[in-house]
């Protein structure tokens, strides 16, 4: 098989040499071979930056897209060093009219399957990279499974590190080899696009593998991974602390769904007009949060909330503080906008399942359960509700392993030196109504960038937006691919970007942190009727 690859590469070099791929700079690049010649292609382990046992192209087919036209879809697998670990399965789509750029798509949750919509738009974006001529590729993050909440793969160290971040660069290297064979040249530019876990992976691209990526779209990143899993453990422990199936089958910290929704409605009624327009979305979060204590007292009395329920609200709103430090010095996990119009996700049932199940229980309780069972304790019988008394004060072996996972999986580093030197550009967004990844934690992470490099330098490689009304899965549509590609290729960021807010049907200016969207006058569906305001209440503490 290596002989076949050698002949293939010689053929590619000969075809390239006689000029079949010589095209004008602004024209598309065509393939120099057919996709059938890729099938069986082997990529030697020496072609990977990180340790593998090599890779192989397993299948290829020609397809037609109504807009982009003819393309090849290629499948392959990257082999682990540890025979007990999983392969990394990947897919690449190769347009016959290539713009010489590539876009890598990130995963979600604990992944386990390939991101298959490689023809679709960027996350929260309005345009398809593939339909603009990009090579698009993704993988299953280094293991196979039908449930993205299942972390059993992490019992294997290589599979765990592959999922954590190593699959990113391994798939990148496989893409480089395949693209070079198919077109006779490597990509000029490589971008990343991801949300949630894909957002965490995006920041790994920038901070771990910064010299390989030219541009990154990062949405709602689970960057402080262990911090988020600890949040799931802390909130679940509080909600279900009183529950005993035999003697007291009630969870004092649980807040029923009707009250959760009513608290959100009360917050919107109270704060909606602070941004100049009553449209069901609170944009001026800073002014709303300044009234937090008064609102807490109001809803405590109105709904007869007990102390455990008030503690649940406090954890949602303010996060927690640890008696130990996670990777990159983080000792806190910031809160959500539970009291500014966001809807808490506590599930419909006060009965904790074993293991916790997000269909019934607190959101992220299940992923916290999986994390501490398989990544940390490595004991399928471990319970986040029974086996740790205080998650903010871990001790012994579980603390040591928690810190190891944090060091190896978290992507909250502020070290962008390689990315900056490479000229990389990062667009980072989060949503004020995200109930999965705390917007205040992302804000805290971004502030560490500013602390290290200064705001001017950070602005030169990172644009950061916190967008009103946006949840973990959607809420805004904007042309983030145009913004990124323009920035990378011209060196100038297209300021004044606009987005379509799904919840209201309004077009708004995209607010760079710490700005918020303020209605001024005119048609509320038009972005020109708003401005990005940087007014904040006096003495507001951004830390």
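Distance from the Cα centroid of region 445-486 to that of region 323-357 is 23 Å (rounded to whole angstrom). For the chain, the antiparallel share of DSSP beta bridges with both residues in that region comes to about 60%.
Taking a ≥ b ≥ c as the square roots of the eigenvalues of the Cα gyration tensor, region 1-187 is classed as oblate, since a/c reaches at least 1.5 and a/b does not exceed b/c. If I fit a long axis through the Cα atoms of helix 2-17 and take the longest principal axis of the Cα atoms of the chain, what angle between them do I get, 0 to 90°, rounded to 10? Here the helix axis deviates by roughly 80 degrees. Relative contact order of region 300-394, taken over Cα pairs closer than 8 Å and 6 or more residues apart, is 20 percent. Normalising the average separation of contacting C-alpha pairs (under 8 angstrom, six or more residues apart) by the number of residues puts the relative contact order of the chain at 13 percent. The length gained on full extension between residue 535 and residue 70, counted as 0.36 nm times the residue separation minus their Cα-Cα distance, comes to 162.3 nm. The distance between label points at residue 389 and residue 500 comes to 5.6 nm (points 7 Å beyond Cα on the Cα→Cβ vector). Remark: the residue 28-residue 132 segment gains 36.4 nm on full extension, using 0.36 nm per residue and subtracting the alpha carbon distance.
Among DSSP bridges having both ends in region 373-510, what percentage is antiparallel? Round to the nearest 5. Of the beta bridges lying entirely in region 373-510, close to 50 percent run antiparallel. Neighbour counts of C-beta atoms inside 10 Å place 463, 56 in the sequence 56, 463, starting with the fewest. Only alpha carbons enter this Debye calculation for the chain, each as an equal point scatterer, and the log10 of I(q)/I(0) it gives at q = 0.11, 0.12, 0.13 Å⁻¹ is -1.00, -1.16, -1.31.
Estimated purely from DSSP H runs of n ≥ 4, each contributing -39500 (n - 2.57), the mean residue ellipticity at 222 nm for the chain is -9500 deg cm²/dmol once divided by its residues. If each residue of separation counts as 0.36 nm, what is the full-extension length gain between residue 244 and residue 349 once their alpha-carbon separation is subtracted? Fully extending the segment from residue 244 to residue 349 adds 36.4 nm.
This ranking places 229, 353 by how few other beta-carbon atoms lie within 10 Å of each, fewest first, which gives 353, 229.
Which angle between 0 and 90 degrees, to the nearest 10, do you get for helix 307-318 versus the longest principal axis of the chain when only C-alpha atoms count? Helix 307-318 and the main axis of the chain meet at about 40 degrees. Rounded to the nearest 10 degrees, the angle from helix 292-303 to the longest Cα principal axis of the chain is 70 degrees. As a proxy for reagent exposure, 392, 126 were ordered by neighbouring Cβ count within 10 angstrom, fewest first; the result is 126, 392.
Normalised by the number of residues in region 1-187, the average gap of Cα pairs under 8 Å and 6 or more apart makes the relative contact order 22 percent.
Where a number appears in this text, it was derived from the coordinates with a stated rule and is not lab data. Please read these numbers as outputs of a predicted model, since none were measured by experiment. Because the Cβ atoms are built from the backbone with ideal geometry, glycine has one as well, and the counts that use them run over all protein chains shown.
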